[in-house]
Amino acid sequence: MVRIGVGTVVGLILLALPFWVSSTWQNLLITVFYYAFLGQAWNILGGYAGQLSLGHAAFFAIGAYTSAVLAVHYAVSPWLGMFVGAVLAALLSLGIGYLGFRFGLRGFYFILLTLAAAEICRLVALHVPILGGYTGLFINFTPNPWQFQFKGKIPYYFIALGFLAFASAVVWLLEQSKLGTYLVAIREDEDASEALGVDTFRYKMMAYALSAALTALGGTFYAYFQYYLQPNTVLNLNHSVDIMIRPIVGGMGTILGPILGSLLLELL
């Protein structure tokens, strides 16, 4: 009952907060929620499964570019395009995961694989005309909720908060599931898990795909909050570090870790 009461009070405060703070604080809170969401997505693979990735910027960029290209060139709403991006990101993660997990890459070697995959994606994006190449892809601002475009910061505040709530719910369900139990076992001792009959390859692939799909959704939010995508920005190594550092600071393998880490780092 205490947890429910505290959660209700916090929820009401968060719902009322954007109407009482300045635009600067609105922007800060949006950034906190946004990076906490991305950290929560990374946490599934890095925190629960113990597979550290330095290439999540690739999935982020796939989500951003897919929704933007579909909207700009084919008039597809980003609300629909974001799910196309999530599917494509999950498919890429399965390809990377197969190379890494099937051939037994762990620790530093898996990190290098994910980093190389993100760098390949950056080079490809720089040379594909439909993505804007070196110039980047500009998104025209024409306020329309169906096109994920809003006046003011408050709508983005609630969307970012909703994304974070959704990702946190997914992680909570993961913790309660058999998949979550297996992922923690793999993180603690992969060889022992295999000896006990756990299909470690299958469950790591599932965690990777889920993590990548959620990260891609965050890419769509970024695209329609910034209205400009450039490969050297969205596919930069620093972006991958920004995503993973939140759960590392706040506590990997926990629901509150990415939220606390994002709040601490943004306030600092």
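The values are calculated or read from the model by the stated rules, or taken from the named source; none is laboratory data. Remember, predicted model here, so these are calculated numbers, not experimental data. Please note: Cβ atoms are built from the backbone with ideal geometry, for glycine as well, and neighbour counts cover all protein chains shown. Please note that ligands, DNA and RNA were not included when accessible areas were found on the heavy atoms of the full protein model with its side chains. Shrake-Rupley method; radii C 1.70, N 1.55, O 1.52, S 1.80 Å.
Residues of segment 151-158 include none that is under 22 Å from Leu210 (Cβ atoms), of a type in the set (D, E, K, R) and surrounded by fewer than 21 Cβ atoms within 10 Å (Cβ to Cβ). Can you find a residue that is on the phi < 0 side of the Ramachandran plot and open to solvent by 40 Å² or more (accessible area, probe 1.4 Å) anywhere in segment 29-40? Taking every residue of segment 29-40 in turn, none turns out to be on the phi < 0 side of the Ramachandran plot and open to solvent by 40 Å² or more (accessible area, probe 1.4 Å). Which ones in segment 111-139 are touching a Leu at 6+ places or on another chain (Cβ under 7 Å) and either in a helix (DSSP H, G or I) or hydrophobic (A, V, I, L, M, F, W, C) (or both)? Within segment 111-139, Ile111, Leu113, Thr114, Leu115, Ala118, Cys121, Arg122, Ala125, Leu131, Leu137 qualify.
Restricting to segment 255-266, give me the number of residues that are in a helix (DSSP H, G or I), open to solvent by 20 Å² or more (accessible area, probe 1.4 Å) and in contact (Cβ under 8 Å) with a residue 60 or more places away in the chain.
Counting residues in segment 255-266 that are in a helix (DSSP H, G or I), open to solvent by 20 Å² or more (accessible area, probe 1.4 Å) and in contact (Cβ under 8 Å) with a residue 60 or more places away in the chain gives 4.
Take Val198 and tell me if it is closer than 15 Å to Ala36 by Cβ and touching a helix residue (DSSP H, G or I) at 6+ places or on another chain (Cβ under 6 Å). Answer is no for this residue. Residues that are closer than 19 Å to Gln230 by Cβ and charged (D, E, K, R) within segment 87-128 comprise Glu119, Arg122, listed in sequence order. The helices (runs of 4 or more DSSP H) found entirely in segment 181-254 that carry 2 or more residues being under 21 Å from Ser93 (Cβ atoms) and open to solvent by 20 Å² or more (accessible area, probe 1.4 Å) are 200-226, 237-250.
The set of residues in segment 44-66 being closer than 21 Å to Gly251 by Cα and crowded, with 24+ Cβ neighbours inside 10 Å consists of Ile44, Leu45, Gly46, Gly47, Tyr48, Ala49, Gln51, Ser53, Gly55, His56, Ala57. The set of residues in segment 67-90 that are under 13 Å from Cys121 (Cβ atoms) and open to solvent by 20 Å² or more (accessible area, probe 1.4 Å) contains only Leu88. Counting only residues that are surrounded by 19 or more Cβ atoms within 10 Å (Cβ to Cβ) and over 19 Å from Ser53 (Cα atoms), segment 118-130 holds 1 of them.
With respect to Gly95, is the statement that it is open to solvent by less than 10 Å² (accessible area, probe 1.4 Å) and on the phi < 0 side of the Ramachandran plot true? So Gly95 does not fit the description; no.
Only one of the listed residues (Leu113, Leu137, Leu161) is surrounded by 17 or more Cβ atoms within 10 Å (Cβ to Cβ) and over 20 Å from the mean Cα position of the chain (by Cα). That residue is Leu137.
For segment 196-232, the set of residues classified as free of Cβ contacts under 8 Å to residues at least 24 places away in the same chain and under 23 Å from Leu265 (Cβ atoms) consists of Gln226 only.
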